[in-house]
Every structure is written in structure tokens, then in C-alpha cells.
Amino acid sequence: MNNQSRPTGNPAFGADELGSMALVLESRHGCLAADVAEFFSATHLQGQDQRRGTAWARVADIVRQRTARRIADHFYAPAE
């Protein structure tokens with residue numbers, strides 16, 4: 001049996017990983033994706049896991065930015 005443990009270092013989450021997390025949340029939770037990410041963030045921060053809590057907060061920001069961009073594109077798109 002393979003007994004591998006998690007790495008003990010403190011690697012930061014990259015932009016690609018955070019973007020992927022945001023995409024998955026948006027596809028599974030739709031308009032509630034940012035709220036779900038905020039819940040995950042709060043849960044990790046209460047559990048003293050600063051790294052994951054911060055990562056989920058960044059994911060919530062990414063989701064909100066994408067939502068704002070989609071709304072702006074919809075309302076400010078040139079009329080055809």
C-alpha cells in the first residue's frame with residue numbers, strides 16, 4: 001500500500017488553480033458560486049487554515065469579477 005502524505009511545505013495556489021476552482025464552482029453552483037467560496041473560506045479560517053481560507057477568498061473574488069464582466073458585456077454590448 002502506498003502511504004504518501006501531503007507535502008509539508010506551504011506552496012501558494014497559482015492563478016490557474018484558482019481559476020479552475022472558480023470554474024468548477026460556477027458550473028456546479030451557478031449564481032451561488034461566490035457564496036459557496038466564501039463559506040469555504042470562512043470554514044478554513046475558523047479551522048486555523050490561513051492558506052486555504054485565503055485561497056477560497058480569492059476564488060470568491062474571481063467569481064465575482066467574472067460575474068461583473070458578464071453583466072457588463074451583456075448591458076454594454078453594441079446593438080446589432
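None of the figures in this text is laboratory data; all of them are computed from the coordinates on show. Everything numeric in this text was worked out from a predicted model, so none of it was measured. We place every Cβ from the backbone using ideal geometry, glycine too, and count neighbours over all the protein chains shown.
Separation of region 38-70 and region 10-30 by C-alpha centroid, Å?
Using only Cα atoms, the two centres lie 10 Å from each other.
Can you give the direction-averaged projected area of the convex hull of the alpha-carbon atoms in region 12-80, in nm²?
In nm², the orientation-averaged hull projection of region 12-80 is 5.1.
Could you give the size of the charge dipole of region 8-53 about its Cα centre, using +1 on the Cβ of each K and R and -1 on the Cβ of each D and E, expressed in debye and rounded to the nearest 20?
Its charge dipole is roughly 120 debye.
Subtract the Cα-Cα distance of residue 75 and residue 42 from 0.36 nm times their separation in residues, and report this length gain in nm to one decimal.
Here the segment from residue 75 to residue 42 would lengthen by 8.6 nm.
What ranking do 17, 38 get, fewest neighbouring Cβ atoms within 10 angstrom at the top?
17, 38
How much length, in nm to one decimal, is gained on full extension between residue 54 and residue 20, taken as 0.36 nm per residue of separation minus their Cα-Cα distance?
Full-extension gain reported as 10.7 nm.
Please arrange 62, 71 by counting, for each residue, the other beta carbons lying within 10 Å of its beta carbon, fewest first.
The order, fewest Cβ neighbours first, is 71, 62.
For 41, 20, 27, what ranking results if the residue with the fewest other Cβ atoms within 10 Å of its Cβ goes first?
Neighbour counts put them in this order, fewest first: 27, 20, 41.
Give me a comma-separated list of calculated 3J(HN,Hα) values for region 65-73, in order, Karplus coefficients 6.51, -1.76, 1.60 applied at θ = phi - 60°, integers in Hz, x for any Gly or Pro.
Values per residue, Gly and Pro as x: 5, 5, 5, 4, 5, 5, 5, 4, 4 Hz.
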